[in-house]
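Asker: Pasting a structure here, questions to come.
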Amino acid sequence: MQKLVLASGNRGKLKEFSDLLNNRGFDVQAQSQFGLDSAEETGLTFVENALLKARHVCMHTGLPALADDSGIEVDALHGAPGIYSARFAGFDANDSDNNRKLLAELAAVADEHRTARYHCILVLMRHAQDPTPLICHGSWEGRILREPIGDGGFGYDPLFFVPTHNCSAAQLDKTEKNRISHRALALQALLSSLALSSFCI
């Protein structure tokens, strides 16, 4: 089994990636197992931040790394919160704080102009100087509701209306969400790329 370090200490992400990649010959381990803190996210795009996270892990472990960067883009806010999704209402903000700020920013915006999408970028990097890391993208189209609905999921899920299912992301069954979400689509793209390419680590 090839060791692969996940640039995250999130247990949920670790299990999700492990379940999908173990049968591909990867032993996925969290960066926290190596005593690593998260990289400083100084990029201006999801791609840049995912690359920074992956390179940080490669540099400090000497092992291949998998990183993701994700967030929500709202058209009426010119793409905000974007890369600042997790700290939209401030560095110490929680999900409720961020949701309240988003609702306040969109208070005067008509329903038809509240279009939005979640993005997830995955980067698989073989080593810190890897000139051709594998980069995969998944996006999930929706609309921002006027009040939170549902108690599942996390982040902006209670405000993210999914037209294909006529409910918020927070109302979706977990299995269904994991099938259609931005992260699920990025993971599918990653698995397809690994199966079709000669990407070798």
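Asker: Tell me which of these Leu51 doesn't satisfy, since it passes every other one: (1) surrounded by 13 or more Cβ atoms within 10 Å (Cβ to Cβ); (2) at pLDDT below 95; (3) out of contact with any Ser or Thr (no Cβ under 6 Å at 6 or more places or on another chain).
Answerer: (2)
Asker: Sticking with this one: Take Ile144 and decide whether it is crowded, with 20+ Cβ neighbours inside 10 Å, of a type outside the set (D, E, K, R) and more than 24 Å from Pro64 (Cβ to Cβ). Before you say what the answer is, go through the steps one by one.
Answerer: Numbers: crowded, with 20+ Cβ neighbours inside 10 Å: yes; of a type outside the set (D, E, K, R): yes; more than 24 Å from Pro64 (Cβ to Cβ): yes.
In short, yes.
Asker: Additional query: Of the numbered conditions (1) out of contact with any Leu (no Cβ under 7 Å at 6 or more places or on another chain); (2) surrounded by 13 or more Cβ atoms within 10 Å (Cβ to Cβ), Ala186 fails exactly one; give the number of that condition.
Answerer: Of everything listed in (1) out of contact with any Leu (no Cβ under 7 Å at 6 or more places or on another chain); (2) surrounded by 13 or more Cβ atoms within 10 Å (Cβ to Cβ), Ala186 misses just condition (1).
Asker: Which ranges mark the strands (runs of 3 or more DSSP E) fully within the stretch 97-180 that have 3 or more residues being within 21 Å of Gly82 (Cα to Cα) and touching an Asp or Glu at 6+ places or on another chain (Cβ under 8 Å)? I'd like the intermediate steps shown before the answer.
Answerer: On the way: elements: 115-125, 134-144, 160-162.
Filter on the stretch 97-180 gives 115-125.
Asker: Going by what's in this entry, would Gly79 be described as within 15 Å of Ile121 (Cβ to Cβ) and surrounded by fewer than 17 Cβ atoms within 10 Å (Cβ to Cβ)? Steps first, answer last, please.
Answerer: Numbers: within 15 Å of Ile121 (Cβ to Cβ): yes; surrounded by fewer than 17 Cβ atoms within 10 Å (Cβ to Cβ): yes.
It is true that Gly79 is within 15 Å of Ile121 (Cβ to Cβ) and surrounded by fewer than 17 Cβ atoms within 10 Å (Cβ to Cβ).
Asker: Just give me the residues in the stretch 1-21 being in contact with a Phe, Trp or Tyr (Cβ under 9 Å, 6 or more places away or on another chain), free of Cβ contacts under 8 Å to residues at least 40 places away in the same chain and polar (S, T, N, Q), in sequence order.
Answerer: Correct list: Ser18 only.
Asker: Somewhere in the stretch 60-76, is a residue of a type in the set (Val, Ile, Thr), outside any loop (DSSP other than H, G, I, E, B), within 20 Å of Ala128 (Cα to Cα) and at pLDDT 95 or above? Before the answer, list the steps.
Answerer: First, the residues of the stretch 60-76 that are of a type in the set (Val, Ile, Thr): 61, 72, 74.
Going one step further and asking which of them are outside any loop (DSSP other than H, G, I, E, B), we end up with 61, 72, 74.
Next, from what is left, pick out any that are within 20 Å of Ala128 (Cα to Cα): 61.
Going one step further and asking which of them are at pLDDT 95 or above, we end up with 61.
Checking the stretch 60-76: at least one residue is of a type in the set (Val, Ile, Thr), outside any loop (DSSP other than H, G, I, E, B), within 20 Å of Ala128 (Cα to Cα) and at pLDDT 95 or above.
Asker: Output the qualifying pairs, or none if there are none: Cβ atoms under 6 angstrom, residues six or more apart or on different chains, first residue in the stretch 146-170 and farther than 16 Å from Val74 by Cα, second residue surrounded by fewer than 15 Cβ atoms within 10 Å (Cβ to Cβ).
Answerer: Matching pairs, first to second residue: Ala170/Gly152.
Asker: Could you check the stretch 6-37 and list, in sequence order, the residues that are part of a loop (DSSP other than H, G, I, E, B), buried (at least 16 other Cβ atoms within 10 Å of the Cβ) and among the small types (Gly, Ala, Ser)?
Answerer: Ala7, Ser8
Asker: Next question, about the same structure. Identify all residues within the stretch 22-59 that are touching a residue at least 40 places away in the same chain (Cβ under 8 Å) and farther than 22 Å from Arg87 by Cα; write none if there are none.
Answerer: Arg24, Arg55, Val57, Cys58, Met59 - these are the residues of the stretch 22-59 that are touching a residue at least 40 places away in the same chain (Cβ under 8 Å) and farther than 22 Å from Arg87 by Cα.
Asker: Also, I was wondering about something else. Taking into account only those residues within the stretch 68-115 that are over 18 Å from the mean Cα position of the chain (by Cα) and among the hydroxyl-bearing types (Ser, Thr, Tyr), which is nearest to Pro148 (Cα to Cα)?
Answerer: In this case the residue turns out to be Ser96.
Asker: Looking at the stretch 101-121, is at least one residue surrounded by fewer than 19 Cβ atoms within 10 Å (Cβ to Cβ), among the polar types (S, T, N, Q) and closer than 30 Å to Arg55 by Cα?
Answerer: no
The values are calculated or read from the model by the stated rules, or taken from the named source; none is laboratory data. This one's a predicted model, so the numbers in the text were calculated from it and none came from an experiment. Cβ: placed from backbone, ideal geometry, glycine included. Neighbour counts: every protein chain shown.
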